[in-house]
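A.B. asks: Encoded as structure tokens, here's the structure I'll be asking about.
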Amino acid sequence: MDIASIAIAEQTYTGSDESHAPQIEVLANGLDGPRGLTFGPDGALYVTEAGRGGPGASIPSPSIPDAVLSYGATGAITRIQDGVVERVVTGLPSLALPNGSDAAGINDIEFDAYGNAYGIVGFAGNPALRDSIVQVPDFSQLIAIENFDGDASWTRLVDLGAYEQANNPDGQDVNTNLFDLLIEDNTAYVLDAGGNDLLSLKAFSNAEPTLETLFPTRAAINPSTGEEIVQQSVPTSITVGPDGAFYVGELTAFPFKEGNARVYRIGEEGEPEVYAEGFTNIIDLKFDQSGGLYVLEYDADAILNGGEAGALIYVSPDGSTRNTITDELINPTGLTLGSNGDIYISNKGFVPGQGEVLRIRPEGDLSFSPDPLYEQVEHYSTTIAADGDPADVYYPVVPDATADQLPIALMLQGGLVDKADYSNYAEQVASYGFVVVVPNNERTITGPDGQEITGLLADQQQVNDVLNQIRVEDTNSNSPIFEIVDTEKLGLLGHSLGGYAGLAAIQNINDPAVSSDDYTRPPELMAGVFYGTNFQSSMNSGIFPSVDNQDIPVGLIAGTLDGVSDFGEVASTYVKLQDPPKALIIVDGANHYGITNEDNIVRDPNRPTLDQATANSAIGRWSGLFLRSHLLGDQGAFDYIYNTGGDLDPNVSVVSQNSSGF
């Protein structure tokens, strides 16, 4: 385990516009040719190092005339976790120039759904040279990495260099350089930058790879001779888009013209279609949760123009705008995103001993506003067929609405609180892009003293009943919400006892306090955010069991002056939530009825110091943003919930945990 040459630095970069410059932190330096980055199942960040070559056998450089690349077992995989940077796999093959630069070696690492690790080893040359001169078979292979602690080892799985040599699918020079790896549905997808193709391997078998697609050549002009030449694509990066399709970025080959690189979308027939163009020397790309695309440029003014400055560009989800996040990079080679919106980049990717892993924390999306998305909200009344409950349905008026646009948000009422008392709150949540359903559920329960209580009381079974009802109304041409509801996405809202019912529903348990029938959690349930709620054994027992939320994000909103479910009880429940992401959103000066249209002086004797309208607005805003973050993958909302909102909202503070491990 060689960690002596790798240090964590306190260095921070800033861009030229310091007022909007992102914070760039060096997580690790001293790396040898850092390339692909990925988070492992342990939450650690793993980065491959192509190495620095060595004194072994030499082959001609494919890019520098009269230069040679020489072999050495100097490739590695480094793990970054909890402030510790450690090389956990060493001795991987590497080819590099005599000074250790321009290395070819392990270029990427990925984990499958079971936590198994795989890597691809590049070569940058004719695979025949590997076999006849270098005689190191690990090059041009998909490999399985057995472990990262102790005696790390790997196993060759598929020889993709041999595939290029035998098939040469693009019909150009026989050349292979496996550069990017993607694992989806137990299938490995490998981009061969040398072969200009995308290959797949089902279930990681050692069978013949499948050719998924070839990337097109283009005519170009040789700047030295003025003659027309064939320019190869050199695909370097593959990712999955919000539509489930593959997207591929290209470096382009000689003459590496500025603005010549494209992002391709792989269509249903496997044909690459131009999705976006006008980039320069793309080396990696990733979509964020909102559908925006980060594009990493290896050299922003083109490789032959003498500079080394790379750039990170953000393309908005609708493709209408492009913003340069930073141009303060030096030949970056890898990109990944944390679940909290942080950006991780391999920097100085072809320089031995100087490679870095950077974490970029944008200063916030200047275009993001926590205000409602829609100005007008309508509502109508309906009856839930399964149980006869009357319900009010709130929905935003969406200009040019598209099918399946608005997820469902079910409001589970507090004990003995009428649905009409939540109208302001429901309108606020709906304005963030949801169909909010607020039923009145009347039933009888047995209280702690043994007395029966009949009244408006939430029930877990409402989750399935309301979901089924809205499915029917979404298909009814006479319904106000006809064909605008995304019935595959359901979020829960709740107040007091309703929040307790929501937490039980998320855990997929039948709690007798809030369940009148056998309950099974629907797969559409994706998140929940609740106000004035705690989860105690046997209700008000003082015992707070673990809440097995099973990876479903949960937000708890608490008023500091809540006299019914006091702040300490809500905080105790937050601590017991097992799985992140989770958030405790604290509204200063609100009491138990800050969520309703009017305060209730009889049922909560604590007098709020925050006026009712402000409290109601804050609770609705944070509820809407929480659901947007997790039901709609809105990166701006996610950043606001987990990073910035607690500092920006004068009435709110936030304690949160997301799942990035950083």
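A.B. asks: From the helices alone, meaning DSSP H stretches of at least four residues, give me the mean residue ellipticity at 222 nm for the chain, per-run term -39500 (n - 2.57), in deg cm²/dmol to the nearest 500.
C.D. replies: For the chain, the value works out to -3500 deg cm²/dmol.
A.B. asks: Treat every Asp and Glu Cβ in the chain as -1 and every Lys and Arg Cβ as +1, leave all other atoms uncharged, and give the resulting dipole magnitude about the Cα centre to the nearest 20 debye.
C.D. replies: 960
A.B. asks: Checking the cross-link filter: which lysines have an alpha carbon closer than 30 Å to that of Lys348, excluding same-chain neighbours under 8 positions apart?
C.D. replies: Of all the lysines, those that pass the test against Lys348 - Cα under 30 Å, at least 8 places apart if same chain - are Lys257, Lys286.
A.B. asks: If you don't mind, another one. Dipole of the range 160-311, Cα-centred, from +1 at each Lys and Arg C-beta and -1 at each Asp and Glu C-beta, to the nearest 20 debye?
C.D. replies: Once rounded to the nearest 20, the dipole reads 100 debye.
A.B. asks: Can you tell me the 0 to 90 degree angle between the C-alpha axis of helix 462-474 and the longest principal axis of the chain, rounded to 10?
C.D. replies: Computed tilt is about 70 degrees.
A.B. asks: Between Ala426, Val564, Pro580, whose Cα lies farthest towards the positive end of the dipole of the chain when Lys and Arg beta carbons carry +1 and Asp and Glu beta carbons carry -1, centred on the Cα centre?
C.D. replies: Pro580
A.B. asks: Using θ = phi - 60° and the Karplus relation 6.51 cos²θ - 1.76 cosθ + 1.60, list the HN-Hα couplings for the range 78-94 in order, rounded to whole Hz, with x at every Gly or Pro.
C.D. replies: 10, 10, 10, 8, 6, x, 9, 10, 9, 6, 9, 9, 10, x, 6, x, 8
A.B. asks: A further question follows. Sort 187-194, 512-519, 284-291 for me by packing, meaning the mean count of neighbouring Cβ atoms within 10 Å per residue, highest on top.
C.D. replies: Output ranking for 187-194, 512-519, 284-291: 187-194, 284-291, 512-519.
A.B. asks: Now for a different question. Among Gly119, Ala57, Val47, pick out the residue whose Cα is farthest towards the positive end of the charge dipole of the range 35-188, where Lys and Arg carry +1 and Asp and Glu carry -1 on C-beta, about the Cα centre.
C.D. replies: Ala57
A.B. asks: Hey, can you grab everything whose amide H is under 5 Å from the amide H of Val397? Only 5+ residues off in sequence or another chain; H modelled, so Pro and N-termini drop out.
C.D. replies: Amide H neighbours of Val397: Gln376, Val377, Glu378.
A.B. asks: Follow-up question, since we're still on this one. Over the alpha carbons of the range 344-426, what is the largest minus smallest coordinate on each principal axis, giving the biggest first in Å?
C.D. replies: Computed over the range 344-426, the largest-to-smallest principal extents equal 70, 33, 24 Å.
A.B. asks: For the chain, rounded, prolate or oblate, judged on the Cα gyration tensor with a ≥ b ≥ c (square roots of eigenvalues), a/c < 1.5 rounded, else prolate if a/b > b/c?
C.D. replies: prolate
A.B. asks: Which whole-Hz couplings ³J(HN,Hα) result when phi for each residue of the range 24-39 is put into the Karplus expression 6.51 cos²θ - 1.76 cosθ + 1.60, θ = phi - 60°, listed in order with x for Gly and Pro?
C.D. replies: Computed from phi, the couplings for the range 24-39 are 10, 10, 8, 7, 8, 9, x, 8, 9, x, x, 10, x, 10, 7, 8 Hz.
A.B. asks: What are the ³J(HN,Hα) values, in whole Hz, obtained from phi via the Karplus relation 6.51 cos²θ - 1.76 cosθ + 1.60 with θ = phi - 60°, for each residue of the range 501-517 in sequence order, with x given for Gly and Pro?
C.D. replies: Result, ordered by residue: 4, x, 5, 5, 5, 5, 6, 6, 10, 9, 8, x, 5, 9, 9, 9, 7 Hz.
A.B. asks: Any chance you could give the angle, 0 to 90 degrees and rounded to 10, that helix 567-576 forms with the longest Cα principal axis of the chain?
C.D. replies: 40
A.B. asks: Further, regarding this structure: Cα centroid distance between the range 156-230 and the range 258-276, in Å?
C.D. replies: 15
A.B. asks: Here's something else I'd like to know. Using only the Cα atoms of the range 551-637, build the gyration tensor, take square roots of its eigenvalues as a ≥ b ≥ c, and label the shape rounded, prolate or oblate: rounded if a/c is under 1.5, else prolate if a/b is larger than b/c, else oblate.
C.D. replies: oblate
A.B. asks: Another question, if that's okay. Using modelled amide H (1.01 Å from N, peptide plane; none on Pro or chain starts), what sits under 5 Å from the amide H of Gly310, excluding residues fewer than 5 places away?
C.D. replies: Amide H neighbours of Gly310, under 5 Å, 5+ apart: Ala300, Leu329, Ile330, Asn331.
A.B. asks: Checking the a/c ratio against 1.5 first, then a/b against b/c, what shape does the Cα gyration tensor give for the range 238-301?
C.D. replies: Cα axes put the range 238-301 in the oblate bin.
A.B. asks: Computed over the Cα atoms, what is the radius of gyration of the range 478-533 divided by 2.2 N^0.38 Å, N being its residue count?
C.D. replies: Normalised Cα radius of gyration, the range 478-533: 1.29.
A.B. asks: Given the C-alpha centroids of the range 392-450 and the range 451-503, what is the distance between them in whole angstrom?
C.D. replies: Between the Cα centres of the range 392-450 and the range 451-503 lies a distance of 7 Å.
A.B. asks: Now for a different question. For the chain, what is the accessible area per residue in Å², given a 1.4 Å probe and the full set of protein chains?
C.D. replies: 39
A.B. asks: What residues qualify as long-range amide H neighbours of Trp154, i.e. H under 5 Å apart, gap of 5 or more or another chain, H built at 1.01 Å from N?
C.D. replies: Here the answer is Glu146, since their amide H atoms fall under 5 Å of that of Trp154.
A.B. asks: Give the carbon-plus-sulfur fraction of the accessible surface of the chain in %, rounded to a whole number; probe 1.4 Å, heavy atoms of protein chains only.
C.D. replies: Accessible surface attributable to carbon and sulfur in the chain totals 46 percent.
The values are calculated or read from the model by the stated rules, or taken from the named source; none is laboratory data. Please read these numbers as outputs of a predicted model, since none were measured by experiment. Positions of Cβ are backbone-derived with ideal geometry, glycine not excepted, and every protein chain shown enters the neighbour counts. Note: areas computed on protein heavy atoms with side chains; ligands, DNA, RNA excluded. Shrake-Rupley method; radii C 1.70, N 1.55, O 1.52, S 1.80 Å.
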